[in-house]
1. Out of curiosity, is LEU76 within 21 Å of PRO11 (Cβ to Cβ), touching a strand residue (DSSP E or B) at 6+ places or on another chain (Cβ under 8 Å) and part of a strand (DSSP E or B)?
2. Output the number of the condition that LEU103 fails; it satisfies all remaining conditions of (1) aliphatic (A, V, I, L, M); (2) surrounded by fewer than 21 Cβ atoms within 10 Å (Cβ to Cβ); (3) at pLDDT below 95.
3. Take the conditions in contact (Cβ under 8 Å) with a residue 24 or more places away in the chain, open to solvent by 10 Å² or more (accessible area, probe 1.4 Å) and not in a helix (DSSP H, G or I) and apply them to GLU286. Does it pass?
4. Of the conditions (1) without any contact (Cβ under 8 Å) to a residue 60 or more places away in the chain; (2) open to solvent by less than 20 Å² (accessible area, probe 1.4 Å), PRO239 fails just one. Which one is it?
5. So, SER73, is that one open to solvent by less than 40 Å² (accessible area, probe 1.4 Å), free of Cβ contacts under 8 Å to residues at least 40 places away in the same chain, polar (S, T, N, Q) and farther than 20 Å from PRO189 by Cα or not?
6. Take the stretch 125-151 and flag every residue that is in contact (Cβ under 8 Å) with a residue 24 or more places away in the chain, within 20 Å of the chain's Cα centre (by Cα) and open to solvent by 50 Å² or more (accessible area, probe 1.4 Å).
7. Based on what the data block shows, is ASP168 under 21 Å from the mean Cα position of the chain (by Cα) and more than 22 Å from ARG287 (Cα to Cα)?
8. Would you pick out the residues in the stretch 29-64 that are modelled with pLDDT of 90 or more, open to solvent by less than 40 Å² (accessible area, probe 1.4 Å) and more than 16 Å from ALA242 (Cα to Cα)?
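The values are calculated or read from the model by the stated rules, or taken from the named source; none is laboratory data. Please read these numbers as outputs of a predicted model, since none were measured by experiment. Every residue, glycine as well, gets a Cβ built from its backbone with ideal geometry; the counts of neighbours run over all protein chains shown. Surface areas here come from the heavy atoms of the whole protein model, side chains and all, with no ligands, DNA or RNA. Shrake-Rupley method; radii C 1.70, N 1.55, O 1.52, S 1.80 Å.
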Amino acid sequence: MRIWVDLTNSPHVLVMRPVIANLRARGHEVEVTARDFAQTLGLLERFEIEHTTIGRHRGGRVAAKATGLAARSSELARWARGRRFDQALGHGSNDITIAAALLRIPSSTMFDYEWATVQHNVNCRLAGAVVVPEAIPPERLYRYGARGKVRRYPGLKEEYYLADFEPDAAVLAELGLDRGRPVTVVRTPPEVSLYHRFENDLFAQVLNRLGSSDVQSVVLPRTAEQRSELERAGGFIVPERAIDAQSLIAFADLVVSAGGTMNREAVALGTPVYTVFEGRLGAVDERLMAEGRLQRLISADELRPVKRHRSTQHATRIRRDPALLADLLVTG
């Protein structure tokens, strides 16, 4: 089969990397397109995944998103026309499901947060298969047009794409971190996401607390604007380019994230993690909180990073075969 994969955001590269490798190992031809947004292109280069860059992010406002979706979907359709693809795959990429529908190419979509209403009303209606974690009740997706399309996998998506991962301490030296002192990793809010449109006051309090302490705090921004603001504030380590964030998380003593993927990476790697996400909780995070594997931060005063022993970390890791994700995504 000739398979087309589109990547529109940094986490999608991580999720689809082992899927792409698995599909190619089975003899399928896989071509990759990518949007210039956040660290998407940098991660593709780091993992040496050949790709064609098409389009960029148009901004966080609803009108800008709609314009960007229409423009990039059209660009993708023009690029893909005549390439004889048998299947199109994306992780939350509306662009590829629209482009594939225009070209009558069967498509599959994948996601692990069920309340991105606008996104899912497009993806779930146009895709032939909707791949989600077992934690998400299928009936939550029926209103998006996913009835009869839902394919579920056990565990976290991070347990699949981190299955072959072993942390590399080189990232600590790269960032000038002292292994003898506590390290906190912080991920900024997804300000351009429709499901997180408001100011995160709690996150601002987290930055104020960590910035005034002697803890080594590495902050991973999503946009150039966030990077500039952090650099002006001072007191934080802000990487200049895409880094081995998974190794950094594995060696960290604490993770505080306003997004979803990094929280779940910390859980998968056995690192203590707080979420400061202020949108509606999804089923995956609800389950992790119920199990005590993810904590919701109520006040920045709760943050007391201490050096932890990594001897218990490996015992908590669950590794799953990404071949299952490939099986669920490929409908043919």
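1. no
2. For LEU103, the failing item is (3).
3. Numbers: in contact (Cβ under 8 Å) with a residue 24 or more places away in the chain: yes; open to solvent by 10 Å² or more (accessible area, probe 1.4 Å): yes; not in a helix (DSSP H, G or I): no.
Taking the combined requirement at face value, the residue does not satisfy it.
4. (1)
5. When the stated conditions are applied, SER73 passes them.
6. Scanning the stretch 125-151 gives a single hit, ARG151.
7. Considered against the rule, which asks whether it is under 21 Å from the mean Cα position of the chain (by Cα) and more than 22 Å from ARG287 (Cα to Cα), ASP168 comes out as yes.
8. Scanning the stretch 29-64 gives VAL30, VAL32, THR33, ILE54, GLY55.
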